[in-house]
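One structure is given below, encoded as structure tokens.
The values are calculated or read from the model by the stated rules, or taken from the named source; none is laboratory data. Small disclaimer: the values here were computed from a predicted structure and weren't measured. All Cβ positions, glycine included, derive from the backbone under ideal geometry; neighbour counts span all protein chains shown.
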Amino acid sequence: MALQIPAAKTGGNALEVSEAIFGRDYNEPLIHQLVVAYLAAGRAGTKGQKSRSDVSGGGAKPWRQKGTGRARAGTTRSPLWRTGGVTFAARNRNYEQKLNKKMYRAAMRSLFSELLRQGRLTVVQDLSLAEPKTKLLLENLKDLGVKKGTLITESVDRNLYLAARNLSHICLCEAHALSPAALVNSEQVVLTAEAAKKIEAVLS
């Protein structure tokens, strides 16, 4: 059985797509896991600090144990001292979470199905621009009725990329490199007919 992705406001024809991809039930826990894993994979994890064992020096006892009137001290690299180590030092770490291909495809199918049900998914024939002008792109988006959303193309046109890169409320994605976080946060998702076919092929 086939479903139809409605055409954008600018006109054109609706696109017939497979119900197996765009007609799935909404699986919120799986979509949440997908978005969390996607955002976690984008973290650098390069923060690092030195503990008392990493700070150089401090091998000699600064003064004798008794008789000086001062508190006992065995090293000048204690976290209590200036130039000492950090108590709970941060370490380099990898934040990536395992999400196998079957779970990824199922989550993306569920996400696109929900976007279609909510009327947040529309199709256009083409999104390319004649010139790399942000003003021109904004005019096109106004015609499409998109204020905050995601544009999905089969391959990113250079003019479209240059026009969209300065718009914080617009995310531009290629069909093979989708951002689940952007899709979830988008008020409207616009994709080209070629991108829709490619998404179907990848998620089937």
Restricting to segment 147-164, name every residue that is under 20 Å from the mean Cα position of the chain (by Cα) and either within 17 Å of Thr10 (Cα to Cα) or outside any helix (DSSP H, G or I) (or both). Lys147, Lys148, Gly149, Thr150, Leu151, Ile152, Thr153, Glu154, Ser155, Val156
Gly149 vs. criteria surrounded by 14 or more Cβ atoms within 10 Å (Cβ to Cβ), assigned by TED's automatic domain parsing to the domain that holds Ile21, in contact with a His (Cβ under 9 Å, 6 or more places away or on another chain) and in contact (Cβ under 8 Å) with a residue 24 or more places away in the chain: yes
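Quick grid of which residues meet (1) surrounded by fewer than 16 Cβ atoms within 10 Å (Cβ to Cβ); (2) in contact with a strand residue (DSSP E or B) (Cβ under 9 Å, 6 or more places away or on another chain); (3) hydroxyl-bearing (Ser, Thr, Tyr); (4) not assigned by TED's automatic domain parsing to the domain that holds Val189:
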residue	(1), (2), (3), (4)
Ala7	no, yes, no, no
Asn13	yes, yes, no, no
Phe22	no, yes, no, no
Ala37	no, no, no, no
Pro62	yes, no, no, yes
Gly69	yes, no, no, yes
Pro79	yes, no, no, yes
Arg82	yes, no, no, yes
Kindly provide the set of residues from segment 165-200 that are under 21 Å from Ala7 (Cβ atoms) and among the small types (Gly, Ala, Ser), ordered by number. Ala175, Ser186, Ala193, Ala195, Ala196
Being assigned to a loop (DSSP other than H, G, I, E, B), under 20 Å from the mean Cα position of the chain (by Cα) and touching a residue at least 40 places away in the same chain (Cβ under 8 Å) is true for just one of Leu167, Leu191, Leu178, Leu111. Which residue is that? Leu178
